[in-house]
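The values are calculated or read from the model by the stated rules, or taken from the named source; none is laboratory data. On a predicted model such as this, the values are computed, not experimentally measured, just so you know. For neighbour counting, all protein chains shown are included, and Cβ atoms are generated from backbone atoms with ideal geometry for every residue, glycine included.
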Amino acid sequence: MPVTLPSDEKPPSIAVIGVGPSDQFALVEAIDRHRIQWGGVVDNLPALGSMAPGASAVILLDGDGLALQLIEVLDQNAALLSRNAVILQISKPPVRLAVAAMQRGVIDVLVKPLNAVRLDAALQDAVMECERRVRAPAR
């Protein structure tokens with residue numbers, strides 16, 4: 001499924017893009033979204049490199065498939081993480097892994113199985129972070 005970002009013709013909204021297997025993002029579809037829109041799923045973070053400069057999105061990263069490479073993947077995509085709000089969803093993460101991910105720019109870690117209330121709260125926080133980053137002057 002191609003990734004779509006909000007167009008200029010719609011009310012302001014932030015795209016939520018899943019990174020990982022598409023079946024891991026079914027709950028996002030069930031959430032009442034007023035400031036976000038589902039942008040689809042991509043296989044990996046580098047696939048998001050074609051996002052327009054200045055565009056900001058919430059990236060919902062499924063960490064289960066990355067296993068031991070998660071921190072390396074985050075390090076390799078540091079520029080992408082600095083422009084976007086990244087939420088990591090993962091099963092039974094070791095505390096050190098969660099801390100290391102957050103040190104690299106992940107704004108929240110959601111432990112699977114997810115529930116709609118927790119996911120919605122994390123998405124709303126991420127939207128506010130995206131909006132803050134868009135308003136902040138470039139360094």
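Can residue 59 be described as among the aliphatic types (A, V, I, L, M) and without any contact (Cβ under 8 Å) to a residue 40 or more places away in the chain? So residue 59 does not fit the description; no.
Looking across 99, 73, 86, one residue alone is β-branched (Val, Ile, Thr) and either in contact (Cβ under 8 Å) with a residue 60 or more places away in the chain or in contact with a strand residue (DSSP E or B) (Cβ under 8 Å, 6 or more places away or on another chain) (or both). It is 86. For the stretch 45-56, the set of residues classified as in contact (Cβ under 8 Å) with a residue 40 or more places away in the chain and either closer than 15 Å to residue 19 by Cα or in contact with a Cys (Cβ under 7 Å, 6 or more places away or on another chain) (or both) consists of 47, 48, 51, 56, listed by residue number. Selection of the stretch 1-49 for residues being at pLDDT 85 or above, surrounded by fewer than 13 Cβ atoms within 10 Å (Cβ to Cβ) and not hydrophobic (A, V, I, L, M, F, W, C) yields 21, 23, 43.
Residue under question is residue 57, and the condition is that it be within 11 Å of the chain's Cα centre (by Cα) and among the small types (Gly, Ala, Ser); does it hold? Judged against the criteria, residue 57 is a match. Taking only the stretch 75-92 into account, find how many residues are touching a Ser or Thr at 6+ places or on another chain (Cβ under 8 Å) and in a helix (DSSP H, G or I). Count: 1.
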